[in-house]
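The values are calculated or read from the model by the stated rules, or taken from the named source; none is laboratory data. Fair warning: this is a prediction, and the values are worked out from it, not measured in the lab. Ideal geometry is used to build each Cβ from the backbone, glycine not excepted, and the neighbour counts take in all protein chains shown.
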Amino acid sequence: MSAPKYKRIVLKLSGEALAGDKGFGLSPEVIKNVAKQVKEVVELGVEVAVVVGGGNIWRGKIGSEMGMDRTTADYMGMLATVMNSMALQDALEKWDVETRVATSIDMRQVAEPYIRRKAIRNLEKKRVVIFAGGTGNPYFSTDTTAALRAAEIEADVILMAKNNVDGVYSADPMKDSTAVKYDELSYLDVISQGLEVMDSTASTLCMDNDIPLVVFSIMEEGNIKKAVLGEEIGTVIGRN
């Protein structure tokens, strides 16, 4: 078997991906499948950190559109990511994968607080570390959390797993049949063309810290492992 291309990764999962076809809440089948795929990567000796969104339960943007204070709405979204992280931790441990949830908001009864050195030590012990609670600050997305944590732990790559597309396209392929899939892009391409890969704050942070990004579909069995091995799937952004 080929050696992994990356030693330490950040896997970014959207909350919607965990909902599966339901679009809301948690799909036991999807969570079990994701946990199984993560286990395969851990068995390769790769250090795995995960950032999970919360859009399957609550989106801060929707709350603010309802007239809710944006800060309050965003904090509710952070709590949603903790719920998803705990569910994923449970699924991973059922596959005998030792896992830690580290939150940016202190809630010691359910998870340990995020401490950079401790998170790195857990990774070195081959424990999966799930970063929950976003950055701990309102107005920042979980995409930005993934970029920030990847920079902090010196990850080799961010693997962005999508549930509805298999890479980055020139337009929404669900709405535009002429949309073209990109194999490779630079972060400047993403920002200048307004491609909806991740928000501009996250893209700039990745670009400034030279963190490559691989965007691929989570729905195909074994894709996380393929991405870790450096196989040509999805879209690669940044350095190869």
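Being charged (D, E, K, R) and at pLDDT 95 or above is the filter; apply it to the range 74-102 and report the residue that is surrounded by the fewest Cβ atoms within 10 Å (Cβ to Cβ).
Here is the first cut: in the range 74-102, the ones charged (D, E, K, R) are 74, 90, 93-94, 96, 98, 100.
Within this subset, residues satisfying the condition of being at pLDDT 95 or above are 90, 93-94, 96, 98, 100.
Details: 90: 12, 93: 13, 94: 13, 96: 8, 98: 13, 100: 18.
Applying the filter and picking the extreme gives 96.
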Only helices (runs of 4 or more DSSP H) wholly contained in the range 141-240 count here; list those with 2 or more residues that are touching a strand residue (DSSP E or B) at 6+ places or on another chain (Cβ under 8 Å). 142-153, 187-193, 223-228
Helices (runs of 4 or more DSSP H) within the range 1-106 that include 1 or more residues farther than 24 Å from residue 162 by Cβ: 60-65, 70-94
Going by what's in this entry, would residue 181 be described as among the basic types (Lys, Arg), closer than 30 Å to residue 36 by Cβ, surrounded by 13 or more Cβ atoms within 10 Å (Cβ to Cβ) and within 18 Å of the chain's Cα centre (by Cα)? no
